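Worksheet: the structure to be examined is printed underneath.
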Amino acid sequence: MSSIFTRRRFLIGSAASLGAVGLTGCDDISQNQHVQQVLALAERLTMGTQRLIVSPQTLAREYTDADISPSFHPNGSIQPNSAEYIQMAETQFADWRLKIDGMVNRPMEFSLADLKKLPSRTQITRHDCVEGWSAIGKWQGVPLGLILQTAGLKPGARYAVFYCADELEQTLDGSGRYYESIDLIDAFHPQTILAYSLNGKDLEVEHGAPLRLRVERHLGYKHAKYVMRIEIRDRFDDLWGGNGGFWEDRGYEWYAGI
């Protein structure tokens, strides 16, 4: 396990050092050749080690209430600007529904109230952003594996793709809307949850309300916010840029393990 934490420090430290040369945002980082080299090296190290040496059930470090950061900086976008999302936020997401479809036996929809009635997991974990900052927060939500077990997976299913409400770029083909993907090994990890609460309160808009992904062994951009739909697929190379996520289509690594 010490090798995992060494790689975590290496990756975060390398990204943090970029602040000295004036890089302040994800778009800047995705355009920087040095950062892409760091991410490529980190991906080879972490995915190989985590998949071949570390048990798929091994947990990321969890903390105590005393460790919770006094403030939790929001990552990524902080306010989807679509009329649909704004209207849902004004009604406390009463009309919001999470859709589960694709390679499942039982396509499903869940309201926020439905999700809160399901068994939940609470975990205090550290969020590591590729920009170089970290924060510790207490997350509560539904294990993604429970949702997928309920829907039932069809043979050949390999990935969960998360479609989100935030649109970072205005495009005609939808490629500017945020999306992410993980494989089913990470989808069924005990700490992979669909979180609706941060530090004992419903998610605020800037933190991804009403629902965001927490996939604790990965960098922050994998933790999709404003989740609207989860599609189970056997591939993702036919989606937009073909790399499995909004930032991945712009040069980030897909696995992003830490």
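The values are calculated or read from the model by the stated rules, or taken from the named source; none is laboratory data. Source: prediction; values computed, not measured. Surface areas here come from the heavy atoms of the whole protein model, side chains and all, with no ligands, DNA or RNA. Shrake-Rupley method; radii C 1.70, N 1.55, O 1.52, S 1.80 Å.
Computed over protein heavy atoms with a 1.4 Å probe, the carbon and sulfur contribution to the accessible area of region 60-248 reaches 48%. Normalised per residue, the accessible area of region 60-248 is 42 Å², obtained with a 1.4 Å probe and no contribution from ligands, DNA or RNA. The listed residues Lys117, Lys138, once ranked by accessible area (1.4 Å probe) with the largest placed first, stand as Lys117, Lys138. In whole angstrom, note down how far apart the Cα centers of region 146-180 and region 209-241 are. Using only Cα atoms, the two centres lie 6 Å from each other.
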